[in-house]
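See below for the structure under consideration.
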Amino acid sequence: MNDYTGFPAAARHLAAMIRCPSVTPDTAGTLDYLEKVLAPLGFNCQRVTFSEAGTADVDNLYARLGSGSPHLMFAGHTDVVPAGEEAAWALPPFGAEVKDGVMYGRGAVDMKGGIACFIAAVEAYLEKHGKPDGSVSFLITGDEEGPSVNGTDKLLQWAAGKGERWDASIVGEPSNPEAIGDMIKNGRRGSLSGRITVHGVQGHSAYPHLADNPVRGLMDLLDALLATPFDEETDHFQPTNMEVTTVDVGNPAVNVIPADATAGFNIRFNDTWDGDSLKAEILSRLEKGAKASRIRHGKDAPVNYSVDWVGRVSPVFLTRETELVGKLSAAIADVTGRTPELSTGGGTSDARFIKDYCPVVEFGLIGQTMHQVDERIALSDLDTLTAVYLRFLEGWFSGH
């Protein structure tokens, strides 16, 4: 176990959080630690637990310093994905051990490291400048890696209901592909998931005329969905892409024609579509495919199928506001010498909820090891990100 005496603040904060095994939705003491750190700095800390039938209760933290504007929100999550096979890790996944200048641990980059760096930056700002002429808040959830039902979305509604308003937000997700300063995420593609079930007739594989094999129909329906591209890339987004993520028949026997065949899919869509128009396109393609296909040659009936939409649609969004992007880019250039690329690639994040309340971007650590065995971050990268956040805070509050 490392002794962190003398380590920079970000490394000490990160080590303390990694040692809390906060596998979603368990906060495992991480929010207790953040409250213990933020309250002495003058933050008004409030803990809020949200519930919903069929999901786990989630503890959340909202902490604000100051009462005036401009109001800058830093948003993030302390929950992490499971470590997997712990014996496969070079160092314990919840040990926060340092080897050759690199800290290992689940959540090191996604995204306890981003939280640790922003806290360290706020501490440095307060020591150097005193309280800002405005407000800084932390909006931290334990539900981002899970269903995202009892976390950021509800916490934003709760805070807004109490009169909270924000001028801008940074989400500390690991946005950089190779080095700190490579990339700012200023938008995200939307996400739509569903499940198609083709209904056949179970039977003996030696007597196919007495059965209808749903696998044949499912193949035709998937071909109808995938054969034609949905669109081309737009000015700010990659082309819409659909992936079939699972195909199941639930049939352990090799001599039985199954009754049903199911395929799950996920679509990452650009600003050509919204949730409603994309669902309509999916249904149209399936209907055409069903009419053109037959479960078995010689049968007249089209494919009998049903569609279930899975989860909520994550909307596509793009942050066009220039002050937030401009000042963050300037801070990155000052500290790293790099001009960050603006990107909308990758998956979804809680920025999809924040965009309804204020301009939001994502900027954090390097994401190469997120969700992997041996997730890790160089201590020098923690120092660099802290310096960028500090420079941004200075530029943000001096310009208002």
Unmet requirement for N176, which otherwise passes all of (1) touching a residue at least 40 places away in the same chain (Cβ under 8 Å); (2) not assigned by TED's automatic domain parsing to the domain that holds F353: (2)
Lone qualifier among A206, A280 - being free of Cβ contacts under 8 Å to residues at least 12 places away in the same chain and surrounded by fewer than 20 Cβ atoms within 10 Å (Cβ to Cβ): A280
Looking only at region 302-311, decide whether some residue is touching a strand residue (DSSP E or B) at 6+ places or on another chain (Cβ under 9 Å), of a type in the set (S, T, N, Q) and surrounded by fewer than 17 Cβ atoms within 10 Å (Cβ to Cβ). yes
When region 353-367 is checked residue by residue, the ones that are closer than 14 Å to H77 by Cα and not in a loop (DSSP other than H, G, I, E, B) are F353, I354, E362
Options E321, E375; residue that is surrounded by fewer than 18 Cβ atoms within 10 Å (Cβ to Cβ) and either under 26 Å from D143 (Cα atoms) or not basic (K, R) (or both): E321
By residue number, the members of region 176-203 that are buried (at least 22 other Cβ atoms within 10 Å of the Cβ), under 26 Å from the mean Cα position of the chain (by Cα) and over 30 Å from S277 (Cβ atoms) are N176, I180, G181
Of (1) over 24 Å from N150 (Cα atoms); (2) touching a Leu at 6+ places or on another chain (Cβ under 8 Å); (3) buried (at least 17 other Cβ atoms within 10 Å of the Cβ), L34 fails just (1)
State which residue is farthest from A121 (Cα to Cα) when the search covers only region 20-78 and only residues that are free of Cβ contacts under 8 Å to residues at least 40 places away in the same chain and among the hydrophobic types (A, V, I, L, M, F, W, C). A53
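The values are calculated or read from the model by the stated rules, or taken from the named source; none is laboratory data. In this text the structure is predicted, and so the values were computed from the model without any measurement. Using ideal geometry, Cβ is built from the backbone for each residue, glycine included, and neighbour counts are taken over all protein chains shown.
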